[in-house]
1. Select from the stretch B:94-109 the residues that are open to solvent by 10 Å² or more (accessible area, probe 1.4 Å) and facing another protein chain (nearest Cβ under 10 Å) and list them in ascending order.
2. A:Leu74 - would you say it is crowded, with 19+ Cβ neighbours inside 10 Å, assigned by TED's automatic domain parsing to the domain that holds A:Arg40, in a loop (DSSP other than H, G, I, E, B) and of a type in the set (A, V, I, L, M, F, W, C)?
3. Is one or more of the residues making up the stretch A:126-136 in contact with a helix residue (DSSP H, G or I) (Cβ under 6 Å, 6 or more places away or on another chain), within 13 Å of B:Val139 (Cα to Cα) and in contact (Cβ under 8 Å) with a residue 12 or more places away in the chain?
4. Is there a residue being within 21 Å of the chain's Cα centre (by Cα), assigned to a helix (DSSP H, G or I) and within 16 Å of DNA strand C (Cβ to nearest atom) anywhere in the stretch B:199-217?
5. Just one of the numbered conditions (1) surrounded by fewer than 21 Cβ atoms within 10 Å (Cβ to Cβ); (2) more than 10 Å from DNA strand D (Cβ to nearest atom); (3) without any contact (Cβ under 8 Å) to a residue 40 or more places away in the chain is not true of B:Val194; which one?
6. In the list A:His156, A:His112, A:His171, which residue meets the criterion of being crowded, with 22+ Cβ neighbours inside 10 Å and either under 26 Å from B:Arg71 (Cβ atoms) or more than 10 Å from every other protein chain (Cβ to nearest Cβ) (or both)?
7. Just to be sure, is A:Arg107 within 16 Å of the chain's Cα centre (by Cα) and away from DNA strand C (no atom under 16 Å from the Cβ)?
There are 2 protein chains.
Amino acid sequence: MSATRSCMVRQFQYYADLSEADIELLDSLEYSPEKLPPERVVWREGGSANELAVLSEGWACSYYTLEDGSRLILDIYLPGDVIGLREFATSEHLATVETITECTLCRFPHHHLTDIFAKSFRLTRVFFAVATTQQSILVERMINLGRRKASSRIAHFLCEMHARLGRMNEHMGNQFRLPLSQEMLADIMGLSSVHVSRTFSQLYDDHLVERSRHNIRIPDMDRLIEHAGFSNSYLGRQSIIRDRA
Amino acid sequence: MSATRSCMVRQFQYYADLSEADIELLDSLEYSPEKLPPERVVWREGGSANELAVLSEGWACSYYTLEDGSRLILDIYLPGDVIGLREFATSEHLATVETITECTLCRFPHHHLTDIFAKSFRLTRVFFAVATTQQSILVERMINLGRRKASSRIAHFLCEMHARLGRMNEHMGNQFRLPLSQEMLADIMGLSSVHVSRTFSQLYDDHLVERSRHNIRIPDMDRLIEHAGFSNSYLGRQSIIRDRA
DNA sequence: CGGCACCTTGAACTTTATCAACCCCGGTGG
DNA sequence: CCACCGGGGTTGATAAAGTTCAAGGTGCCG
């Protein structure tokens, strides 16, 4: 058992205990680490989709650009996340994937995933759990976009980030770094960057969020959760996958 | 090979050729058909999630109700759709599922799905494809909610329904039944029902959509697609899953 | 020290929501 | 067979939320 365990393994172990063989299988996906500078395109919308990637370090995102030039960011990827799962059923990339900070990522071809399906029943279920958790994250974001007002959208997004980051590093406390410009935040939340700025000021006035540059501090997590209508159950349940009987 | 083939099998065959054994395995999920009247709750948000369902006949939907009483409809389920895949990684239902029209549906426990993972490599991949296609549908709807104006949202939704219905029954032509009230349409698209009404009138004035009661006619599909910014590639690619080499 | 990217603020405007009245139509009971 | 009832759809007036444009500020990097 190696001392340095990949983020993906850590993330997957959240859903199930993994055997040594499973861990080796997973690790084998990260065989080709690639270092990328900030704002580098990983793959572009429309390109043919025969690979996935694991993000080992850094932040990345996927986005979709509309005819009129406006943009929506679909996912924020953190270390340990699998990128491109959604495009498994499609032969071309539906969205552009781009690094946000400096990143290390490992691409691997589509069929390595199906090889895993063939080799490990347990990992199959965990991959399924990961894919469906990604779906739940999208659903929460849909609710954000469809039915919440700006201040709740931002509050909800901050809660989500806090929860997802906290899952990877315990004792994170009530502050964290959020390396996103207000324009990116706007494109995540379907708002204009101007309105994001105003709304942040308003959250500050209400003592819900403090922020300096890219650091976020949350003075009272409970009040923020309340304001956001946040529930973390959608992020998946720990050790959900067990052997039956 | 039986003459009456279930909708789910038809839907799955879209992604891959299935062996007789696979078809039997799939059919075995639909062992407990249940007839439900319109507007009957299948399961409720918060209830413990240890089952999935296949919709054999009728229309159903899932929705999520916010603290303030507003609602967002997350999915519209058509015959052949699998309901509850998203909650595979979670131990409780995140959304309420309810019939829209009279429905026939077959519930089955969670572990029947994992049994299939153990028994059929090919079906595993198809289930994965189905789950990821559902994700892509959510993403398109996210873009709708986040970045399109009301008339494009409605146009896009109509395009999606047209495409999904057309996949199940060829020669559908340019009209179809849409058994949804304007209030439901509003909750799908994150608008108020009043605004849906106004927007429909506007689409009618622009000769993009005709509608009487629950029947929709689309005089010029290409113009509607154009107006919606619709691309059907997100609905998954036919026969994407093949044996390698 | 200067420049540039990003953030902030203000003012005018657009889109959508809300409220309320009305209408249309289908179903029911007299 | 007709009058009434009720739910959903439509319309208008007004309000709220968010966008756009433009100008100015702030802080970081060379």
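1. Within the stretch B:94-109, B:Leu94 is the sole residue that qualifies.
2. Values: crowded, with 19+ Cβ neighbours inside 10 Å: yes; assigned by TED's automatic domain parsing to the domain that holds A:Arg40: yes; in a loop (DSSP other than H, G, I, E, B): no; of a type in the set (A, V, I, L, M, F, W, C): yes.
No, not satisfied.
3. yes
4. Of all residues in the stretch B:199-217, those within 21 Å of the chain's Cα centre (by Cα) come to B:214-217.
Subsequent filtering for residues that are assigned to a helix (DSSP H, G or I) retains none.
No, that holds for no residue.
5. Among (1) surrounded by fewer than 21 Cβ atoms within 10 Å (Cβ to Cβ); (2) more than 10 Å from DNA strand D (Cβ to nearest atom); (3) without any contact (Cβ under 8 Å) to a residue 40 or more places away in the chain, B:Val194 violates only (2).
6. Unique residue meeting the criteria: A:His156.
7. Working: within 16 Å of the chain's Cα centre (by Cα): no; away from DNA strand C (no atom under 16 Å from the Cβ): yes.
So A:Arg107 fails the test.
Conditions tested, residue by residue: (1) in the same structural domain as A:Asp187 (by TED's automatic domain parsing); (2) modelled with pLDDT of 95 or more; (3) not in a loop (DSSP other than H, G, I, E, B).
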| residue | (1), (2), (3) |
| --- | --- |
| A:Ala16 | no, no, no |
| A:Gly46 | no, no, no |
| A:Leu52 | no, no, yes |
| A:Ser62 | no, yes, yes |
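The values are calculated or read from the model by the stated rules, or taken from the named source; none is laboratory data. Please read these numbers as outputs of a predicted model, since none were measured by experiment. Neighbour counts are summed over all protein chains in view; Cβ atoms, including those assigned to glycine, are modelled from backbone coordinates with ideal geometry. The area values use the complete protein model at the heavy-atom level, side chains included, leaving out ligands, DNA and RNA. Shrake-Rupley method; radii C 1.70, N 1.55, O 1.52, S 1.80 Å.
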